[in-house]
Amino acid sequence: MIGVPPPDYDPAAPQQASTLPVGSPTTVRGYVKELVGRHRRAFAAVIALNAVGVLASMVGPYLLGHLVERLSAGDRDLHLGRTMAFFAAALAVQTYFVREVRLRGAVLGERMLADLREDFLVRSVALPPGVLERAGTGDLLSRITTDIDRLANAMREAVPQLAIAVVWGGLLLGALTVTSPPLALAVLVALPVLLLGCRWYFRRAPHGYRSEAAGYAAVSAVLAESVDAGRTIEAHRLEERREELSRLRIRQWVAWERYTMWLRSVLFPVINATYTLILAAVLLIGGTLVLHGWVSVGELTTGALYAQMLVDPINLILRWYDELQVAQVSLARLVGVREIEPGAGDTEVTPDGRDVHADEVRFGYRAGSDVLHGVTLRVRPGTRVALVGPSGAGKSTLGRLLAGIYAPRTGEITLGGAQLARMPAERVREHVALVNQEHHVFVGTLRDNLLLARAGADDTELWAALTAVDAEGWARALESGLDTEVGSGGAALTPAQAQQVALARLVLADPHTLVLDEATSLLDPRAARHLERSLARVLDGRTVVAIAHRLHTAHDADLIAVVEGGRISELGSHHQLVDADGAYAALWRSWHG
């Protein structure tokens, strides 16, 4: 039914897959106050320039009213030339200051938008790694893309224009009051209609826009997940189920789109009626006052023109305030990360040694459903440990716990006797690094991509890192070597080359403990074997926890942990486990055969 919010959709539902919250009104107001405070001088300049422009725009109605007053008094010596000169000068001043206001307002909006993007990025990367890993793909994408796009228009135009419109309307009302107080009261006749219409609209709009944004995030999530898992969906013949889920999410989103459109279709006629009422009230009441001699014809003319001019600031205020309703939802989604504790940790917690120890660790991604069940593992310095086992057994989860990405639900993970969960994230990264199957090539030069790991590295060190991961050959073949632009819009790197860049960063970061989660999975077996042998020379003396399905990695390890059903079922060297003829021996025979 039109005008009724869709009953079959809970706007919170699409966000349940994400741990990123939506900012509360208090958080949003606090951030807006902080952002405006950074640019208070620019705001003051825009408002001051706008005030001058508005005052200049009032000269024309005042001059016209003065002419009408003199004509009504029978004066024929009107000095039209001087009046026209004043009018032209006022118009020139207005034009100049309006141009300055628009220019400075646009610059102010761009700077605020840049601050918002930077704040979101800085806050996001400062979050505990596990928070972002658990976040829903669609929710993250919609915040970074759609919400930023919606805010861009608001920051560039809505915020400056709203400030301009408020000053504009206030000065016009002041001028109308000075010109003729009774006519200023006549404007108030339209106020109840405007207030009732706006109150009706703004009581419903925030919920509608929040639900619309959440619906779009749900659509993004289901589409992104379907694309990423396309082969799995085809293998399990889940196409119809995913298509039906996509259609459902789209229907829910469209229902909220229609609802918000209906709200606007009610508000806009109310606004148009208000404009008509303002002018009609001024003319009717003012005409009556003129007939009784309480107001002059010139005052009525000036007042009517000022009342007509009120249409523009009121239109701007309502238009951009409506735009801000959409922007406020996007802003709340972006500043929601401020409500997550950054996980600063205890700066006094420092490891005393390099032993990694997991003691009776239990962990689950969802409450009441553990993935790891009482895992205990000690990794001595310089030991190369391989975690093997069937898919879904918990190998990658254990690796992330050992790397400090997640904190165990019970039990503890320690490095040199210090709990990883209590250490600041930056300190953990100084000692432990994780390289998994996922990798990213950032837009920029190859040099920039490598310097992310160690900003002060020179070219010799960069080439040494590339050589260590067998990437020197193709890197030197690039047109500009280390200065070649890579990533989107630059030289395209193959998945294997991108993975080698990620491993080269690892070499440059030089942590003493490494967690390799199938870090060579995108290379063919022969290249992967060669790369791992090269890495073995670089990683000599370091503690390495390698997670892989390719059992030649386990063959070279000092210690092998077989993970089954979230538990370590076997522990020992390759030869010990093969002789034991248990789960690892079965895996080895199956793979080697």
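The values are calculated or read from the model by the stated rules, or taken from the named source; none is laboratory data. The structure presented is a predicted model; accordingly, all values stated were derived computationally and were not measured. Neighbour counts are summed over all protein chains in view; Cβ atoms, including those assigned to glycine, are modelled from backbone coordinates with ideal geometry.
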Q | Positions within the range 118-134 being assigned to a helix (DSSP H, G or I), surrounded by fewer than 18 Cβ atoms within 10 Å (Cβ to Cβ), of a type in the set (A, V, I, L, M, F, W, C) and at pLDDT below 75, in sequence order | A | Val125, Leu132
**Q.** the range 431-447: number of residues that are within 22 Å of Ala464 (Cβ to Cβ) and modelled with pLDDT under 80
**A.** 2
Q | Ala307 more than 30 Å from Arg210 (Cα to Cα), in the same structural domain as Asp119 (by TED's automatic domain parsing), modelled with pLDDT of 80 or more and not β-branched (Val, Ile, Thr) | A | no
Q.
Restricting to the range 263-298, and then to whatever is part of a loop (DSSP other than H, G, I, E, B) and of a type outside the set (Gly, Ala, Ser), can you tell me which residue is farthest from Asn315 (Cα to Cα)?
A. His292
Q: Please list, ordered by first then second residue, the pairs with beta carbon atoms under 6 Å, 6 or more apart or interchain, first in the range 204-230 and farther than 14 Å from Arg150 by Cβ and in contact (Cβ under 8 Å) with a residue 60 or more places away in the chain, second part of a helix (DSSP H, G or I) and of a type in the set (Lys, Arg).
A: Ala218/Arg249; Val219/Arg249; Val222/Arg249
Q) What number goes with the only condition from (1) free of Cβ contacts under 8 Å to residues at least 60 places away in the same chain; (2) buried (at least 19 other Cβ atoms within 10 Å of the Cβ); (3) in contact with a Leu (Cβ under 6 Å, 6 or more places away or on another chain) that Val290 does not pass? A) (2)
Q) What are the residues in the range 93-117 that are at pLDDT 85 or above and farther than 20 Å from Gln161 by Cβ, if any? A) Val93
**Q.** the range 22-44 - residue that is closer than 17 Å to Ala165 by Cβ and of a type in the set (A, V, I, L, M) and, of those, surrounded by the most Cβ atoms within 10 Å (Cβ to Cβ)
**A.** Val36
Q.
Let me confirm something: among Arg378, Arg400, Arg429, which residue is out of contact with any helix residue (DSSP H, G or I) (no Cβ under 7 Å at 6 or more places or on another chain), over 30 Å from Gln497 (Cβ atoms) and charged (D, E, K, R)?
A. Arg378
Q: Of the numbered conditions (1) surrounded by fewer than 16 Cβ atoms within 10 Å (Cβ to Cβ); (2) modelled with pLDDT of 90 or more, Leu450 fails exactly one; give the number of that condition.
A: (1)
Q.
Just to be sure before I move on: is Ala304 surrounded by fewer than 17 Cβ atoms within 10 Å (Cβ to Cβ) and part of a helix (DSSP H, G or I) in the structure I sent?
A. no
Q. Quick one: which helices (runs of 4 or more DSSP H) sit completely within the range 1-92 and have at least 1 residues that are at pLDDT 75 or above and closer than 30 Å to Ala218 by Cβ?
A. 25-38
Q) How many of the residues in the range 562-593 are of a type in the set (Phe, Trp, Tyr) and either over 47 Å from the mean Cα position of the chain (by Cα) or surrounded by 17 or more Cβ atoms within 10 Å (Cβ to Cβ) (or both)? A) 2
Q: Taking the residues in the range 453-506 that are in contact (Cβ under 8 Å) with a residue 24 or more places away in the chain and among the acidic types (Asp, Glu) as candidates, determine which candidate is surrounded by the fewest Cβ atoms within 10 Å (Cβ to Cβ).
A: Asp483
Q: Please verify whether the range 188-199 includes one or more residues that are surrounded by 21 or more Cβ atoms within 10 Å (Cβ to Cβ), more than 30 Å from Val297 (Cβ to Cβ), of a type outside the set (A, V, I, L, M) and modelled with pLDDT of 80 or more.
A: no
